[in-house]
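Asker: To start, I am sharing the structure in question, which I have written as structure tokens.
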Amino acid sequence: MEKLEHYKAAMVLSGAGDALGYGNGLLEFNMSGPNIHQMVKELGGLKNIKVKLPEWPVSDDTVLHLATAEGLATGKTGEELLHEIAARYVEGMKDMNGRAPGATTIEGVTKLKPGVVGGYRVPYNPTGGGCGAAMRSMCIGLRYQKPNQLSTLVAVAVETGRMTHHHPTGFLGAVAAAVFAAYAIQRRPILMWGLGLMQEALPIAKRFVQDQGFAVAETERDWGYFSDKWQGYLDLRGISDGVGPVVWPSPYGPAERDKAYQSFSHSGWGGSSGHDAPMIALDALLAAGSDWEELMSRAAFHGGDSDSTAVIACCLWGLLYGTRGVPKGNYSKLEYRDRLELSAVQLYALSH
């Protein structure tokens, strides 16, 4: 399959994963993985779910991922790009009926002033560590996918991330989601992604914040949580050296995963923070390989913020595997499919 097909799969399947993990609010706000698995079984299993309106809308995750992607697709750069994306976040918030946007995102967007000097920046937020920046940032890796573009990728992820989630736990989630997408396109082994995040991307992000001179003291004060949690996860899975093999608990079914995801989390809601949404996505990718159903079992059908973990995991999976083995009903009539595909085509053209 050509890489363009992988780009399309990434954007479309991210939306499909979001819609499936969201379940029109019934799944995202269900704290029991075993219960969710039973609900999916009663629907005839994943292969029989037709993801379409009105039963399976996308959530705020896809609306804002599209806002980022369509902003990037204009080809603008620098501050002009940041104002463009800020304007699209403001516009995207008008499309949130029934999509359950997070409080931090709502608050952050109300403070954006696109077009005004510095208007893409909001004040530091000591509680801005949620997953709202991570869930909309994979497309940044599609735009800046080459190894020599890593500094640009990180800069855009930090600045767009802290438009709403101005806390390192929040905006570093955007860096993780974006850099993992670039690694997927580069075909870097998944075992090495966490190591790359820690050794390559995070130091660049820290230097970028310092160089920008905006909320540096507060950011450095709160920096350690994200990297500490990630180091703990990589040690737990035996992949801190990027080699493996992966260490898995046994058993590791839906109930055990719920407990594990809660232990990764900040407040017991697995996937709801900037550090653990990409972490759970990576956990699912490491285990599922090219098996779509297994990916969804782990990334979308768990207690906690299941749409945000799925939107990330499914985007990355699409970059790796395309749509091979995905039931067409899971994505063919997805809300906003046309926009997702178009943004993929545009980002592919820009990135090549």
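The values are calculated or read from the model by the stated rules, or taken from the named source; none is laboratory data. These numbers come from a predicted model, not from an experiment. Cβ atoms come from the backbone with ideal geometry, glycine included; neighbour counts cover every protein chain shown.
Asker: Looking at the range 207-218, is at least one residue closer than 18 Å to PHE264 by Cβ and in a helix (DSSP H, G or I)? Explain how you work it out, then say what you get.
Answerer: Initial filter on the range 207-218 (closer than 18 Å to PHE264 by Cβ): none.
No, that holds for no residue.
Asker: How about the range 324-347: which of its residues are crowded, with 23+ Cβ neighbours inside 10 Å and in a helix (DSSP H, G or I)? Show your work before the answer.
Answerer: Here is the first cut: in the range 324-347, the residues crowded, with 23+ Cβ neighbours inside 10 Å are 326, 330-331, 334, 340, 343-344, 347.
Passing the criteria: ASN330, LEU340, SER343, ALA344, LEU347.
Asker: Can you report the number of residues in the range 285-323 which are part of a loop (DSSP other than H, G, I, E, B) and either touching a residue at least 60 places away in the same chain (Cβ under 8 Å) or buried (at least 24 other Cβ atoms within 10 Å of the Cβ) (or both)?
Answerer: 8
Asker: Between residues in the range 177-196 that are among the charged types (D, E, K, R) and residues that are modelled with pLDDT of 95 or more, which pairs lie under 7 Å by C-beta distance while being six or more apart or on different chains?
Answerer: Taking only residues 6 or more apart or on different chains, the pairs are ARG188/GLY196.
Asker: Scan the range 91-126 for residues that are under 21 Å from GLU28 (Cβ atoms) and small (Gly, Ala, Ser) and report the count.
Answerer: So the count comes out to 6.
Asker: Still on this model: Exactly one condition in (1) over 25 Å from GLN145 (Cβ atoms); (2) of a type outside the set (A, V, I, L, M, F, W, C); (3) without any contact (Cβ under 8 Å) to a residue 12 or more places away in the chain is false for TYR261; which is it?
Answerer: Going through the list (1) over 25 Å from GLN145 (Cβ atoms); (2) of a type outside the set (A, V, I, L, M, F, W, C); (3) without any contact (Cβ under 8 Å) to a residue 12 or more places away in the chain, TYR261 breaks only (3).
Asker: Report the residue count in the range 83-130 for those that are exposed (fewer than 14 other Cβ atoms within 10 Å of the Cβ) and without any contact (Cβ under 8 Å) to a residue 60 or more places away in the chain.
Answerer: Adding up the residues that qualify gives 9.
Per-residue answers, yes or no, for (1) in contact (Cβ under 8 Å) with a residue 40 or more places away in the chain; (2) surrounded by 14 or more Cβ atoms within 10 Å (Cβ to Cβ); (3) of a type in the set (D, E, K, R):
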| site | (1), (2), (3) |
| --- | --- |
| GLU200 | yes, yes, yes |
| VAL209 | yes, yes, no |
| PHE214 | yes, yes, no |
| ARG221 | no, no, yes |
| PHE226 | yes, yes, no |
| ASP235 | no, no, yes |
| ASP241 | yes, no, yes |
| SER250 | no, no, no |
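Asker: Checking the structure you have, find out if any residue of the range 244-257 is under 21 Å from PRO168 (Cβ atoms), out of contact with any strand residue (DSSP E or B) (no Cβ under 8 Å at 6 or more places or on another chain) and among the aromatic types (Phe, Trp, Tyr).
Answerer: Among the residues of the range 244-257, not one is under 21 Å from PRO168 (Cβ atoms), out of contact with any strand residue (DSSP E or B) (no Cβ under 8 Å at 6 or more places or on another chain) and among the aromatic types (Phe, Trp, Tyr), which makes the answer no.
Asker: On to the next question. Which numbered condition trips up LEU26, out of (1) surrounded by fewer than 24 Cβ atoms within 10 Å (Cβ to Cβ); (2) modelled with pLDDT of 95 or more?
Answerer: With respect to (1) surrounded by fewer than 24 Cβ atoms within 10 Å (Cβ to Cβ); (2) modelled with pLDDT of 95 or more, LEU26 is out only on (2).
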